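The values are calculated or read from the model by the stated rules, or taken from the named source; none is laboratory data. Everything quoted here is computed from the prediction, not taken from an experiment. Don't worry about glycine lacking a Cβ; one is built from the backbone with ideal geometry, like all the others, and counts go over all protein chains shown. Protein only, heavy atoms only, side chains kept; ligands, DNA and RNA dropped before computing areas. Shrake-Rupley method; radii C 1.70, N 1.55, O 1.52, S 1.80 Å.
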Amino acid sequence: MGGRTMDWAARANHLGGLPRKVVITAVGTFAKVVANLLNTTTVHNGDTLIRLVRSRPAGVPLLTVSNHMSTLDDPVMWAFKGFPICDAKLARWVLAAEDICFKNTVLSYFFRIGKCIPITRGGGIYQEHMNEALDRLTNGAWLHTFPEGKVCQEDAPIRRLKWGTASLIARAPVTPIVLPIIHHGFEKVMPENYAFGRRPPVPLWNQEIKIVVGEPMEFNLPELREMALSQSRDSSFSSEQWPRNILGGLDAAAQKCLYMTISDQIQTTLENLRNFSKSYAKAEQIK
């Protein structure tokens, strides 16, 4: 990962916070143009997201999870009317693919001051910068993840989730508020195979973007840990690379069971929300 991760650029006090304010404001303005001028964006239950971003209990982190339809999902999904997208203090932290967002020094600096955390796909759930993501949650911040791990532009069920998001929920000192979000339309604004198998050079327009915000999920982690311990006794899974000094000393098999259980709950919730969003969209069309 090396020097490109630029941890210093991710600090709130980097150059007095001015570069972050400039980038967040500029990106937020661009996202508003894409969402509200070039395209039409509707949101269901957006007030719940706004409330949790602005005024959740002190020290309680927020973890939003969503499907991943395009490379523009973030930031444009935060650009609906009424959302404080240009506020650098309230802005989300987001896990971002190192091979896309951190290809060179300029991109690395831009995405770092824009509150992006570089994640190496295939690097495992205990890779270096997952600890940074955990630190952000520990500090009560808002973190967004795409737990499917990559873009999928098909109208298909939510795929099996990567365990990284579940590991953050389990490891956070204060269990985060987990808020599921489903969206449609970004695959038309930024299609992966627009011409010659490439994305368009600019976002497309005259499309409809629909965002459906769910209700906060609750995880009874002490109970889930007990379940994981009992399930793991029947498992042969082991990994020498997984630490044993976390989660109250759970071994690798118990960690796996715990992360699978949490991931399955999120996957089911996202799929239910996806089905609701489709019926909600049909009801809106009938109106």
Original post:
Where does helix 252-286 land angle-wise versus the long Cα axis of the chain, in degrees 0 to 90, nearest 10?
Top reply: 30 degrees
Original post:
Rounded to a whole number, what % of the accessible area of the chain do carbon and sulfur atoms account for, probe 1.4 Å?
Top reply: 54 percent
Original post:
the stretch 152-231: Rg/Rh from Cα coordinates, Kirkwood Rh?
Top reply: 1.13
Original post:
At what distance in angstrom do the alpha carbon centres of the stretch 1-76 and the stretch 175-254 lie from each other?
Top reply: 18 Å
**OP:** At q = 0.09 Å⁻¹, work out log10 I(q)/I(0) for the chain with the Debye formula, treating every Cα as an identical point scatterer and leaving solvent out; two decimals please.
**Re:** -0.44
**OP:** Springs between alpha-carbon atoms under 10 Å, Gaussian network over the chain: tell me which of Thr268, Thr105, Thr120 tops the mean-square fluctuations.
**Re:** Thr105
**OP:** Quickly rank 84-93, 48-57 as a protection proxy: mean count of other C-beta atoms within 10 Å, highest first.
**Re:** 84-93, 48-57
Original post:
Per residue, how much accessible area does the chain have with a 1.4 Å probe, in Å²?
Top reply: 49 Å²
Original post:
Extension gain Asn36-Leu15, at 0.36 nm per residue separation less the Cα-Cα distance, in nm?
Top reply: 4.4 nm
Original post:
Along its principal axes, what span do the Cα atoms of the stretch 49-208 show, with the longest given first and each in whole Å?
Top reply: 47, 36, 35
Original post:
Under 13 Å from a point 7 Å along the Cα-to-Cβ line of Asn275: which residues of the stretch 146-168 have their amide N that close?
Top reply: 157-158
Original post:
Shape of the stretch 41-82 from its Cα gyration tensor (a ≥ b ≥ c, root eigenvalues): rounded if a/c is under 1.5, otherwise prolate when a/b > b/c, or oblate?
Top reply: oblate
